[in-house]
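Reviewing the structure listed below.
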Ligand SMILES: C[S@@+](CC[C@H](N)C(=O)[O-])C[C@H]1O[C@@H](n2cnc3c(N)ncnc32)[C@H](O)[C@@H]1O
């Protein structure tokens, strides 16, 4: 291994070590609202609602699968439109909070499954008219992300839809260029080699950030055709900031992707992808 490659390998190991595992997530259960970006709750431009409106659901028996459901805000907001719901999360205390926040009619039609998303496809099958996966595929570990993308695609019915939200590298750069942030050396301490791959520290953990172009390239490799990739704006407080006097966008944002799984005749085993691609 060359010197540069071995430094990069070491950096990746460090990034993976700071990854959020199940125990770390579960410790956030009681403080979820204060510490975790719950995009459905904070969505400044109602992007979730706009994208859900574009989903064509069967008249009857429509099924929602929420992968990494957190405290169940999406299920609570949109569950009424579905006949059946499966909500999955690997963190037991978070899942318990999700259940405790639902109305009786939603509880009646929802199965709450404590499991790793990577196993979801094998355990629940290809069942979803709409799969949602909001700010979950953020691990710095590319192999783990590959397993989650594969599982998400496999859970979604052919011609079915998926709504995916991921952190935006363009937004992170916009925020990091603000003078107020430039003064704060802590935010800029991530090695450039990791930043170039979209790996940035967010709320104390390394998280994969995606560019719009990278998403447009990655999604089809899993048989997911992008129908719309749009900004879901979050309040400045999510970045630990007050509204700055001048910035390139009104708010920081995540990428919200509405995708459709290719038709049954074209569904193949998801291909191994070549690389995460360069960040624009
Ligand atoms: C950032 S939170 C997002 C929660 C929710 N989707 C939302 O938008 O508020 C990530 C959630 O995914 C769960 N999670 C992360 N990786 C997971 C995995 N591999 N399997 C199952 N759940 C996972 C965490 O426990 C946490 O509840």
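Points worth noting:
- Antiparallel %, DSSP beta bridges [both residues in the chain], to 5: 50 percent
- Area projected by the alpha carbon convex hull of the range 3-266, averaged over all directions, nm²: 14.3 nm²
- The simple spin-label model puts a point 7 Å past each Cα toward its Cβ; for residue 122 and residue 143 those points are separated by 1.5 nm.
- Packing, taken as the mean count of other beta carbons within 10 Å per residue, orders the peptides 236-242, 197-203, 39-45 from highest to lowest as 197-203, 39-45, 236-242.
- Our summary gives the chain a relative contact order of 20 percent, counting only alpha carbon pairs under 8 angstrom and 6 or more residues apart.
- Estimated 222 nm signal from helices in the chain, with DSSP H stretches of n ≥ 4 weighted -39500 (n - 2.57), rounded to 500: -9500 deg cm²/dmol
- Angle between the chain longest axis and helix 212-221 axis [Cα atoms, degrees, rounded to 10]: 50 degrees
- Helix axis angle, 142-155 relative to the chain longest principal axis, alpha carbon, degrees: 20 degrees
- GNM result for the chain, Cα springs below 10 Å: residue of 226, 235, 191 fluctuating most strongly: 191
- The spacing between the range 238-260 and the range 112-171, judged by their C-alpha centroids, is 23 Å.
- Computed lengthening from residue 101 to residue 192, 0.36 nm per intervening residue step minus Cα-Cα distance: 28.6 nm
- Highest average packing first - 48-59, 84-95, 206-217, Cβ atoms within 10 Å: 84-95, 206-217, 48-59
No lab work stands behind these numbers, since they all come straight from the coordinates. None of the values given here were measured: they were computed from a predicted structure. In this analysis, Cβ positions are derived from the backbone assuming ideal geometry, glycine residues included, and neighbour counts consider all displayed protein chains.
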